[in-house]
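The values are calculated or read from the model by the stated rules, or taken from the named source; none is laboratory data. Remember, predicted model here, so these are calculated numbers, not experimental data. FYI the Cβ positions are ideal-geometry reconstructions off the backbone, even for glycines, and counts take in every protein chain you see.
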Amino acid sequence: MGVGILASRAIRPASRLLRSQPSNLLLRTIVSKPELQSPEAAAVSQPEPPKNQILPPRNPVGGARVHFTNPEDAIEVFVDGYAVKVPKGFTVLQACEVAGVDIPRFCYHSRLSIAGNCRMCLVEVEKSPKPVASCAMPALPGMKIKTDTPIAKKAREGVMEFLLMNHPLDCPICDQGGECDLQDQSMAFGSDRGRFTEMKRSVVDKNLGPLVKTVMTRCIQCTRCVRFASEVAGVQDLGMLGRGSGEEIGTYVEKLMTSELSGNVIDICPVGALTSKPFAFKARNWELKGTETIDVSDAVGSNIRVDSRGPEVMRIIPRLNEDINEEWISDKTRFSYDGLKRQRLSDPMIRDSDGRFKAVSWRDALAVVGDIIHQVKSDEIVGIAGQLSDAESMMVLKDFVNRMGSDNVWCEGTAVGVDADLRYSYLMNSSISGLENADVFLLVGTQPRVEAAMVNARICKTVRASNAKVAYIGPPADFNYDCKHLGTGPDTLKEIAEGRHPFCAALKNAKNPAIIVGAGLFNRTDKDAILAAVESIAQANNVVRPDWNGLNYLLLYAAQAAALDLGLIQQSAKALESAKFVYLMGADDVDVDKIPKDAFVVYQGHHGDKAVYRANVILPASAFTEKEGTYENTEGFTQQTVPAVPTVGDARDDWKIVRALSEVSGVNLPYNSIEGVRSRIKSVAPNLVHTDEREPAAFGPSLKPECKETMSTTPFKPVVENFYMTNAITRASKIMAQCSAVLLKK
Amino acid sequence: MAAPFTLRKIGVPPNSANLTEARRRVFDFFRAACRSIPTIMDIYNLQDVVAPSQLRFSISAQIRNNAHVTDPKVIDLLLFKGMEELTDIVDHAKQRHHIIGQYVVGEGLVQNTGSKDQGKSDFLKNFYTSNYF
């Protein structure tokens, strides 16, 4: 919160008043008179500012930009004497934000509905008998808003005093200390002394699960969590019980918060009532170093800030990115960081003749691998990139394997036959923020709630804002918005493609229909037929147009989009079964039984997860918080992770290991620095070099050839069985284990 | 063995008048250091690790590092520092791993320029050392 800036802002206007005092006062005694105590009298005796005073230019709070939907409908209001143009529906608080004045608030949040119950945002409006709640009052043309008058200040002090009356003296033991809105605003706007001498009330704590720690005595009843849960998360878990000072926020029944967005209430709560249970009592926010990076637990690429203390990641906080994740992150992103401390591979290891692993030096490990790789034939070499691999390491792996003469290098999750020629066939073509403009959704074989929680949040937002219709084909699942279950398998898809299903009418009448296909369908044998059916639906209902492309593919893993862009596709189905040398770069979802018993397996990764037990040589690599890697999310937006903590033990970056191995094997790759790798990537997939930019697909479905196959009748299966355990880091995390034991709906 | 050589506290006098005197002092210091090598090897048990000639080479290499200096005052200061270091070592104020790290391996004396690393590129050498390069 930028409330720390508020403190300095609050002091500055006061100094303007002091300057207007006569300067011949040699002795300044502090005297208080009755006239000085009452705000109205002080307002009367205020000197009038000169008429043609040139006011300094003001920028909106936080560098925000104001979007005028109808420029003719802009109204002009005056904030502290400063004229500012705002769009028509703006509230007084938003108008003040445009004018650069940050008004203190507790219950108002820009992404939630307006409650107006904390009363901290009171400002004085001319010709109004009492101060108005600026978060709720719409700004009318010609309104004169004053935020720094004694009335407004007195109101803030009063509200602060009331809030602190029943607030426990928990600052030393409260996790929110140092980043607490109540602390900051009481320092900036509160009075210096209180008048409360009675007993404070206390409230029982509620059990919301292993993620959210509740100390309900600290709650100031702002209802932000209630509004968040019902609007953004779509679950009506929390509510306000009771009235007056006996109000309690709770679930009424003994219910845990099972929503996948439940961790965001921790950010939203302005006080320490809802805090992070795994982070409880671990650190104070001023001793943490924040590093702005990207999350890789799913294909969305949520922007996060990793707070670390020394070599340890202490917590993960979301960052604002309007296009991808707004201000929210899923629970998996937020709480899987303790998996980074467990089961880490830190030294190169070689399996001895008695079957046990022995730690060796890098020289020896690479020498062994380099020897073996020359003893196998070219097409018996297989390289598999994992779901958390970054683009640089995948590029170097592909180059290395190709130069050894083999074509068998692919990424997990891409089955045989997935072709990466046309980018539209594996990206979210309407972009995640573009989903807000859709009015009908058809979800085919995907459960966005567990596959990409932020996409689901966006769909929920659209459904809530514009009453969009959602229908899905797949196994029956829980959705946090109203949606129709059309069927479970390809039969329903065929019916819709042929126009026989009643849902076709809804699709035809939609202005912006969106079809979201899950990447789990890529692994089916009849994938071509299914995708052809989807594309025929898209064509029949005008889904792909120059101004709107609603045909979306939701990828499952962070590495998939970049892998497909770089060309890591599986060409032959028998490659793994006939392999003699398998290089697993973080690939844990590979079916280990399919690898032949006499194959030499090299596992390069950061966790000792599933595939390590089959490996012959282990090469430790760095995790996503320790390396600078390029990731492309499911909509084609390229982002980079930033190293937040140092690597563990003797681990190295993925691409460096492959590059060193190639040198030891005698293959001369033409680059030896990260810039070299990036310029190589630029020649293959230039969009991966343009970070923080979205590259939409160039061509549409019109270029695809006809498909001759027939669909099978097996229904669609869920791809993600356990939301909390999908990759190596989450499987190693104790918090995720607790969540999956307690929070999953059985 | 020769009679044990006691390191008299030859504090370096404050000023050398000219370069010749400074040069003389440098050689005195070198002699004092070489004469204390048997004591050092005895204190820190370096008999199997390194030969006295290698230690002498190491000391002379460090002196040669500063061979380009011409200002007598600077030479005096360097000598003071060298004397301080030598006194610390002889007084057993350092430990074995300090000596080995600073004077044995540090100069590339022990097994660093072995045949394993000769033909390798900078990338590979840096890779084997650490992740950050």
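Mind checking whether some residue in region A:491-499 is aliphatic (A, V, I, L, M) and over 26 Å from A:Tyr557 (Cβ atoms)? Among the residues of region A:491-499, at least one is aliphatic (A, V, I, L, M) and over 26 Å from A:Tyr557 (Cβ atoms), which makes the answer yes. Filtering A:Ala420, A:Ala415, A:Ala468 for residues that are in the same structural domain as A:Val396 (by the TED database) and surrounded by 23 or more Cβ atoms within 10 Å (Cβ to Cβ) leaves a single hit, A:Ala468. Checking each residue in region A:630-651 for being more than 14 Å from every other protein chain (Cβ to nearest Cβ), β-branched (Val, Ile, Thr) and crowded, with 21+ Cβ neighbours inside 10 Å picks out A:Thr630, A:Thr634, A:Thr638, A:Thr641.
Number of residues in region A:324-381 that are farther than 21 Å from A:Thr641 by Cα, surrounded by 19 or more Cβ atoms within 10 Å (Cβ to Cβ) and small (Gly, Ala, Ser): the value is 1.
The condition of being farther than 25 Å from A:Ser431 by Cα and without any contact (Cβ under 8 Å) to a residue 60 or more places away in the chain holds for only one of A:Ser673, A:Ser665, that being A:Ser673. Condition check for A:Ser336 on (1) modelled with pLDDT under 95; (2) assigned to a helix (DSSP H, G or I); (3) touching a Gly at 6+ places or on another chain (Cβ under 7 Å): one failure, at (3).
Any idea which of A:Val667, A:Val648 is more than 30 Å from A:Gln375 (Cα to Cα), hydrophobic (A, V, I, L, M, F, W, C) and part of a loop (DSSP other than H, G, I, E, B)?
A:Val648
Please find, within region A:686-714, the residue that is nearest to the other protein chains (Cβ to nearest Cβ) out of those that are assigned to a helix (DSSP H, G or I) and under 27 Å from the mean Cα position of the chain (by Cα). So the residue we want is A:Leu688. Only one of the listed residues (A:Ser662, A:Ser683) is away from chain B (no Cβ under 14 Å) and not in a loop (DSSP other than H, G, I, E, B). That residue is A:Ser683. Look at (1) closer than 20 Å to A:Leu566 by Cβ; (2) within 13 Å of another protein chain (Cβ to nearest Cβ); (3) not charged (D, E, K, R) and you find that A:Gly605 fails only one, number (2). With respect to the conditions (1) modelled with pLDDT under 95; (2) more than 27 Å from the chain's Cα centre (by Cα), A:Arg342 lacks only one, and its number is (2). Restricting A:Pro718, A:Pro643 to those that are assigned to a loop (DSSP other than H, G, I, E, B) and out of contact with any Pro (no Cβ under 7 Å at 6 or more places or on another chain) reduces the list to A:Pro643.
Among residues of region B:119-133 that are within 7 Å of chain A (Cβ to nearest Cβ), those with a beta-carbon under 9 Å from a residue that is β-branched (Val, Ile, Thr) at least six positions away or on a different chain give the pairs B:Leu124/A:Val664; B:Phe127/A:Ile657; B:Asn131/A:Thr647.
Looking across region A:346-358, the residues that are more than 14 Å from every other protein chain (Cβ to nearest Cβ) and closer than 20 Å to A:Gly586 by Cβ come down to A:Met349, A:Ile350, A:Arg351, A:Phe357.
You will find that of A:Gly386, A:Gly370, A:Gly355, A:Gly405, the residue that is among the small types (Gly, Ala, Ser) and over 30 Å from A:Gln571 (Cα atoms) is A:Gly355 and no other. Would you mind stating whether A:Val590 is aliphatic (A, V, I, L, M) and either within 14 Å of chain B (Cβ to nearest Cβ) or within 18 Å of A:Asp347 (Cβ to Cβ) (or both)? In short, no. Only one of the listed residues (A:Asp598, A:Asp588) is at pLDDT below 95, outside any helix (DSSP H, G or I), closer than 30 Å to A:Ser353 by Cα and under 31 Å from the mean Cα position of the chain (by Cα). That residue is A:Asp588.
Yes or no: region A:479-491 includes at least one residue that is buried (at least 16 other Cβ atoms within 10 Å of the Cβ), among the acidic types (Asp, Glu) and part of a helix (DSSP H, G or I). No, region A:479-491 has no match at all.
Among the residues making up region A:370-391, those that are in contact (Cβ under 8 Å) with a residue 40 or more places away in the chain and either of a type in the set (Ser, Thr, Tyr) or within 14 Å of chain B (Cβ to nearest Cβ) (or both) are A:Gly370, A:Ser389. Entry remark, region A:63-119: residues being touching a Phe, Trp or Tyr at 6+ places or on another chain (Cβ under 7 Å), in a loop (DSSP other than H, G, I, E, B) and within 24 Å of A:Val265 (Cβ to Cβ) number 4 in total.
Out of A:Lys527, A:Lys574, one residue alone is in contact with a Leu (Cβ under 7 Å, 6 or more places away or on another chain), of a type outside the set (A, V, I, L, M, F, W, C) and surrounded by fewer than 24 Cβ atoms within 10 Å (Cβ to Cβ). It is A:Lys527. Here A:Val612 passes the criteria (1) farther than 22 Å from A:Asp307 by Cα; (2) away from every other protein chain (no Cβ under 14 Å); (3) in contact with a helix residue (DSSP H, G or I) (Cβ under 8 Å, 6 or more places away or on another chain) except the one numbered (3).
Selection of region A:195-210 for residues being among the small types (Gly, Ala, Ser) and loosely packed, with under 13 Cβ neighbours inside 10 Å yields only A:Ser202. Each residue in region A:716-746 was checked for being in contact (Cβ under 8 Å) with a residue 40 or more places away in the chain, surrounded by fewer than 17 Cβ atoms within 10 Å (Cβ to Cβ) and more than 26 Å from A:Leu531 (Cβ to Cβ), and 4 of them qualify.
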